[in-house]
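Here the structure comes first, spelled out in structure tokens, and everything after it is commentary.
The values are calculated or read from the model by the stated rules, or taken from the named source; none is laboratory data. In this text, all values refer to a predicted model and were calculated from it rather than measured experimentally. Cβ placement follows ideal geometry from the backbone for every residue including glycine, while neighbour counts extend to all protein chains displayed. To get the accessible areas, we keep the full protein, side chains included, count just its heavy atoms, and leave off ligands, DNA and RNA. Shrake-Rupley method; radii C 1.70, N 1.55, O 1.52, S 1.80 Å.
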Protein chains: 2
Amino acid sequence: MVVIGDAYGQAMTAAFRGDPRGIASVERSDGRLMLDIGIDYLAPARRWVPEERAAIRLAKGRVLDVGCGAGRVALHLQERDHEVVAIDVSPGAVALSRERGVRDARELAASQVRTADGPFDTIVMYGNNLGLLRDARHARWLLRRFARATTHGALLLGGTLDPYRTEDPSHLAYQAENRRRGRMSGQIRMRIRFNDLASPWFDYLFVSKDELVSLVQGTGWRLADTIDDGSAQYVAVLERA
Amino acid sequence: MVVIGDAYGQAMTAAFRGDPRGIASVERSDGRLMLDIGIDYLAPARRWVPEERAAIRLAKGRVLDVGCGAGRVALHLQERDHEVVAIDVSPGAVALSRERGVRDARELAASQVRTADGPFDTIVMYGNNLGLLRDARHARWLLRRFARATTHGALLLGGTLDPYRTEDPSHLAYQAENRRRGRMSGQIRMRIRFNDLASPWFDYLFVSKDELVSLVQGTGWRLADTIDDGSAQYVAVLERA
């Protein structure tokens, strides 16, 4: 029986305990299954993708780590004497982050971050977690909310990938169907699967740089820079205007 | 959209091409997803599980390799001058086996092996492929059929695992439900998933040594030996009576 639960946290925890099967699967709403192995949740910074390694050097001051997973970003920044608040909706992820040494890990969704949790000088959304913007409408709402919890000149480092940089017919068909339904091309309805566990379904948003420029308009943020190594994956650097 | 197709062959082919996501998932009929990483389909014999490495030394004469996958067993035996007929229902697996050097790879199900394909001195069912016995009834039918395609004193080397050697509540519940429905405990209804592809549903049988002893009665085979290293996984050595 498939049980709705913390698939993601359990997969990461299994990986941390040394289980080679500790890999979550992403189930897209059209049924496509994809292994969640793009990111090594336990990797130290030297094994991150180049754009994440490069962009993390921009982090300053007090940091909010959104979707902290097993705590790789928080641990890296703590070592560099940043005060870090690490949040994740997954209880397993939060427990694992704490076990691995993250000092302030909280079970909290991005959408639950309050002004009082701030002010933050940097928000990090790594491991494609800029996807937590969900859709165009939620993105604007969330970015405004984040703006209120940040200092002037704060940075948001958001990892994502350009959904148009694929030739996979299945991805292209999914994107076309999205557009037909008035959704953004890179809006993926998905859930995480691991053994008997399935997360609830949720939307996750991949955006091109052009889409991001227009998405952030009027939210208190501007796209200051993008950092990539030529692949579809990139880190967007948003600056609080 | 999920397409019924050669999920298994495509996963193996992707792995062979160097794609780290080239791993199939097994979907059990209760919805549980499991990564198919117990067997490295491309591994040379020195990296096989110990019981497979030990038992393959028993192979003699002309060999039928059932469920050859990417050809690891056939390649190993060819190198040792055995004549090998390698069969698999997966077109991708057969193509990959040929590409990797298997001289006689055929797209054929275990149940389609005819007396005229023989006679074989050894039948190898590695990578848990004793599971292709499917269920108690089909097992007896298939073993009799295999007996007719083999020489006197022929050996069948069948890899499986003892389904009772688990404490996983989800596996135990599945087994209990099997027994309630008159199926053998270790009878798994499953399909293979890879990206957009799903194989048809099929039954796969895991058996304890005791179950195997009674299963082979009257089929022309006897359980001559079992080889294991203490784990749930073992190789059954059946001898043609």
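Applying the criterion of being out of contact with any helix residue (DSSP H, G or I) (no Cβ under 7 Å at 6 or more places or on another chain) and closer than 13 Å to A:ALA236 by Cα to the residues of the range A:44-61, the residue that is surrounded by the most Cβ atoms within 10 Å (Cβ to Cβ) is A:ALA55. Select from the range B:25-42 the residues that are within 7 Å of chain A (Cβ to nearest Cβ), in contact (Cβ under 8 Å) with a residue 60 or more places away in the chain and among the small types (Gly, Ala, Ser) and list them in ascending order. Across the range B:25-42, the qualifying residue is only B:SER25.
Within the range B:89-104, is there a residue that is farther than 23 Å from B:GLY22 by Cα, out of contact with any His (no Cβ under 6 Å at 6 or more places or on another chain) and surrounded by fewer than 24 Cβ atoms within 10 Å (Cβ to Cβ)? Yes: the range B:89-104 contains one or more residues that are farther than 23 Å from B:GLY22 by Cα, out of contact with any His (no Cβ under 6 Å at 6 or more places or on another chain) and surrounded by fewer than 24 Cβ atoms within 10 Å (Cβ to Cβ). Being away from chain A (no Cβ under 12 Å), touching a residue at least 60 places away in the same chain (Cβ under 8 Å) and closer than 27 Å to B:TRP201 by Cβ: is that true of B:GLY67 here? Yes.
In the condition set (1) away from chain A (no Cβ under 14 Å); (2) under 16 Å from the mean Cα position of the chain (by Cα), B:LYS60 is compliant with all but (2). In the range B:181-190 there is no residue that is assigned to a helix (DSSP H, G or I) and either more than 14 Å from chain A (Cβ to nearest Cβ) or within 16 Å of B:VAL235 (Cβ to Cβ) (or both). Of the residues A:ALA136, A:ALA176, only one is over 23 Å from A:GLY9 (Cα atoms), within 20 Å of the chain's Cα centre (by Cα), of a type in the set (Gly, Ala, Ser) and open to solvent by less than 40 Å² (accessible area, probe 1.4 Å); which? Answer to the check: A:ALA136.
Residues in the range A:191-224 that are within 14 Å of chain B (Cβ to nearest Cβ), crowded, with 22+ Cβ neighbours inside 10 Å and of a type in the set (A, V, I, L, M): A:ILE192, A:LEU197.
Inclusion of A:GLY127 among residues that are in contact (Cβ under 8 Å) with a residue 12 or more places away in the chain, crowded, with 19+ Cβ neighbours inside 10 Å and assigned to a loop (DSSP other than H, G, I, E, B) is warranted.
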